[in-house]
Amino acid sequence: MSMILGIETSCDETAASVVEGGRLVRSNVIASQHDLHERYQGVVPEIASRAHLQRIAPVIQEALDEAGVTFTDLDAVAVGNRPGLIGSLMVGLSAAKAIAWSTGKPLIGVDHVRAHLYAASLISAPRGERNTAEAERPAPPTYPALGLVVSGGHSNLYALASPLELEPLGRTIDDAVGEAYDKAAVILQLGYPGGPRLDKLAQQGDSTAVKLPRSLLGEDSLDFSFSGLKTALLYAVRGHPQGRGPDAVFQRSADDLTDQQRADLAASFQAAAIDTIMLKLHRAVDAMARKGSAPKSLIIGGGVSANSLLRSRAVAFGEERNLAVHIPAMAYCLDNAAMVAGLAHHQLKAGQIDDLTLPAIATTGR
Ligand code: KG4
Ligand code: ZN
């Protein structure tokens, strides 16, 4: 059974985790920086890097202590090295390299987006608690699988042949869905980070109250577009503007909304965003089937996989399309290091080991 330390600092969470055998999470430490970025309503890269620097060493130590292991017990050190904010990535990567160099343990660079698709395979198994017996553990996904990553930076569809082999099917051509949620929350004056707040408010609203667009792009397109939905929400809240850009003058302000109107707008936005995702999932299953590799499972990951409507619609989708649906436990939806350590187990088994020249890469394309 491999014991792997994972480190994740790609955006605004400083995280470290120890995972055994690729699935059993012995510790999952996450130091969130939301308080530092709230007043800017978005992540400020320089503030993020500095906070990672302050927190990385104690976060790693806590992850080891909670798991009851020391560096000697580890089989490898894994780190999310792509994609992400370059200054943030550098902090986790430097820490991982220092540990690998000083202990002689293998270093494994992990793709953050792929790691999100692995999060649904993780099982919480803290030290001291009874370990989940083999028979009680939820089955890992079967392949081929359709993968959906929905986060603040990504809305991507993949065809997966295994946890390590994936082919891109579609991506967003403008905003990622989490980004659209965050911007919608700003429009509705819900604060930061907006996704979870909008999700909560939507549950008190009428999703049919306001008609908002579902952008499907071309007939067969598996790409996403969410910027039109965001603009439609802005106009629904503030009326059509006179003028453009910073000079635009709106008819109303979000201050004029009643609580019920605000909830109805949130529910209408949520319904449009999740409808769009579900329609694309149907298309993607059909596209994979046409290519002769009909998916046996649907794997979802990324921050928006915490969304209440997406979670319930995905379960219904699995029943309708006869697919096993794998959605991460809430603890592994947002950025975390357990998903990095978990996926690294498969990379280690496949001999995918890096050396100390491993770079931090801001973007990995699709
Ligand atoms: O995966 P993640 O932590 O970071 C990235 O890799 O981007 O995802 C963060 C995103 C944010 O945009 C946040 O608003 C969104 O996930 N999010 C949600 C919910 N919880 C988090 N969006 C909709 N509904 C939620 N419940
Ligand atoms: Zn992420």
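The values are calculated or read from the model by the stated rules, or taken from the named source; none is laboratory data. Computed from a predicted model, the values in this text were never measured in an experiment. Positions of Cβ are generated from backbone atoms using ideal geometry, with glycine treated the same way; all protein chains shown enter the neighbour counts.
Assorted remarks:
- Of residues in segment 10-37 being within 16 Å of ligand 2 (Cβ to nearest atom) and under 21 Å from ASP75 (Cα atoms), the one surrounded by the most Cβ atoms within 10 Å (Cβ to Cβ): ALA16
- Of everything in segment 322-348 that is over 16 Å from the mean Cα position of the chain (by Cα) and touching a residue at least 40 places away in the same chain (Cβ under 8 Å), the residue that is nearest to GLU20 (Cα to Cα) is HIS345.
- Qualifying residue in segment 340-359 (condition: in contact with a His (Cβ under 9 Å, 6 or more places away or on another chain), assigned to a helix (DSSP H, G or I) and within 16 Å of ligand 2 (Cβ to nearest atom)): yes
- Considering residues of segment 146-201 that are touching a strand residue (DSSP E or B) at 6+ places or on another chain (Cβ under 7 Å) and of a type in the set (Ser, Thr, Tyr) only, the residue nearest to GLY84 (Cα to Cα): SER155
- Cβ pairs under 8 Å, 6+ apart, first in segment 202-213 and modelled with pLDDT under 95, second of a type in the set (Val, Ile, Thr): none
- Meets criteria (without any contact (Cβ under 8 Å) to a residue 60 or more places away in the chain and more than 20 Å from the chain's Cα centre (by Cα)) for LEU53: yes
- Test: residue in segment 274-295 that is within 13 Å of ligand 1 (Cβ to nearest atom), more than 18 Å from ARG114 (Cβ to Cβ) and touching a Lys or Arg at 6+ places or on another chain (Cβ under 7 Å): yes
- Selection within segment 135-154: residues that are of a type in the set (Gly, Ala, Ser) and more than 16 Å from ligand 2 (Cβ to nearest atom). The member of this set that is surrounded by the most Cβ atoms within 10 Å (Cβ to Cβ) is ALA145.
- When each of LEU93, LEU36, LEU89, LEU53 is tested for being over 16 Å from ALA360 (Cα atoms) and part of a helix (DSSP H, G or I), the lone residue that passes is LEU36.
- For THR276: the one exception among (1) assigned to a helix (DSSP H, G or I); (2) under 23 Å from VAL43 (Cα atoms); (3) touching a strand residue (DSSP E or B) at 6+ places or on another chain (Cβ under 9 Å): (2)
- Filter result for the condition that a residue is within 16 Å of ligand 2 (Cβ to nearest atom) and either crowded, with 22+ Cβ neighbours inside 10 Å or not in a loop (DSSP other than H, G, I, E, B) (or both), over VAL77, VAL113: VAL113
- Residue check, SER32 closer than 27 Å to PRO138 by Cβ, modelled with pLDDT under 95, within 16 Å of ligand 1 (Cβ to nearest atom) and of a type in the set (Ser, Thr, Tyr): yes
- For segment 299-321, filtered to residues that are assigned to a helix (DSSP H, G or I) and within 16 Å of ligand 2 (Cβ to nearest atom), the residue that is farthest from the chain's Cα centre (by Cα) is LEU310.
- ALA344 under 30 Å from ALA254 (Cα atoms), among the hydrophobic types (A, V, I, L, M, F, W, C), crowded, with 19+ Cβ neighbours inside 10 Å and in contact with a helix residue (DSSP H, G or I) (Cβ under 9 Å, 6 or more places away or on another chain): no
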